[in-house]
Amino acid sequence: QVKLLQSGAELVKPGASVKLSCKTSGFTFSTSYMSWLKQVPGPSIEWIGWIYAGDGGTNYNQKFKGKATLTVDKSSSTAYLDLSSLTSEDAAVYFCARGWGVMDAWGQGASVTVSS
Amino acid sequence: DVQMTQSPSYLAASPGESVSISCKASKSIATYLAWYQEKPGKANKLLIYSGSTLQSGTPSRFSGSGSGTDFTLTIRSLEPEDFTVYYCQHYNEYPRTFGGGTKLELK
């Protein structure tokens, strides 16, 4: 079955970067779109963007341009989210999900805490 | 950006009852609307897409309706496992945006 397994919780210092992973199985990754989302208590979910695993093409939410970078490794069917220059406002749970519009499978989420 | 407004934010009901959750878009999104279910410790689950199409595996007690700016998720004959959080999300344009969520609680 379709599985999206995300990397674990991260504690990072302000100004640092973090790279989250999302290892997939059970479907053809190389022809899939993978989205990333941010959830903060409120609750509120924000769409960060998607990447097409076939050619690495991306579409970002303008709000996250310069903050987030999406990449994939087709050889391991894994999607990545790089977050740079972290501040307290980046503290959240980040999700990967399959799809570019409707997201029909989700990872379990990865918590990012930003603290010195 | 399209603003998605869900109501109510909290809803109390009992097993066996029926409930409805509203989702209003700030502009027309045709039927490009999805509903998701969030449960602690589990991956979010797609329930409905295209406003009213049940995702494979979604129980038939769930239904979605609406088009344009007004949408409704209805759950008939509530089961114990239905008491959790629900979100709507549009995918008519970029950026995709979500409603603020509705927490369905046991009365």
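Keeping to pairs on different chains or 8 or more places apart, tell me how many lysine pairs in chain B have Cα atoms under 17 Å apart. Taking chain B as the scope, the lysine pair count is 4. For the range A:71-116, the Kirkwood hydrodynamic radius comes to 12.4 Å, computed from all pairs of different C-alpha atoms.
Close amide-amide hydrogen proximity is noted between residue A:54 and A:32, each under 5 Å apart and 5 or more residues distant or on a separate chain (H modeled in the peptide plane; Pro and chain starts excluded). The tail of the calculated P(r) for chain A, taken as Cα-Cα distances beyond 17 Å, holds 50 percent of the pairs. For chain A, please report how many Lys pairs fall under 13 Å Cα to Cα, leaving out neighbours fewer than 8 apart on the same chain. Total qualifying Lys-Lys pairs in chain A comes to 5.
Interface residues of the range B:90-105, defined as a loss of at least 50 Å² in heavy-atom accessible area between the chain alone and the complex of all protein chains with a 1.4 Å probe, are B:94, B:96, B:98.
Tell me, what is a quarter of the convex hull surface for the C-alpha atoms of the protein assembly as shown, in nm² with one decimal?
Average projection, Cα convex hull of the protein assembly as shown: 11.8 nm².
Between chain B and chain A, the total buried accessible area stands at approximately 1500 Å², from heavy atoms with a 1.4 Å probe. Here chain B is assigned +1 on the Cβ of each Lys and Arg and -1 on the Cβ of each Asp and Glu. Its dipole about the Cα centre then comes out at about 60 debye.
The values are calculated or read from the model by the stated rules, or taken from the named source; none is laboratory data. Quantities reported herein were computed from a predicted structural model and do not represent experimental measurements. Every residue, glycine as well, gets a Cβ built from its backbone with ideal geometry; the counts of neighbours run over all protein chains shown. Just so you know, the surface numbers come from the protein's heavy atoms only, side chains and all, with ligands and any DNA or RNA stripped out. Shrake-Rupley method; radii C 1.70, N 1.55, O 1.52, S 1.80 Å.
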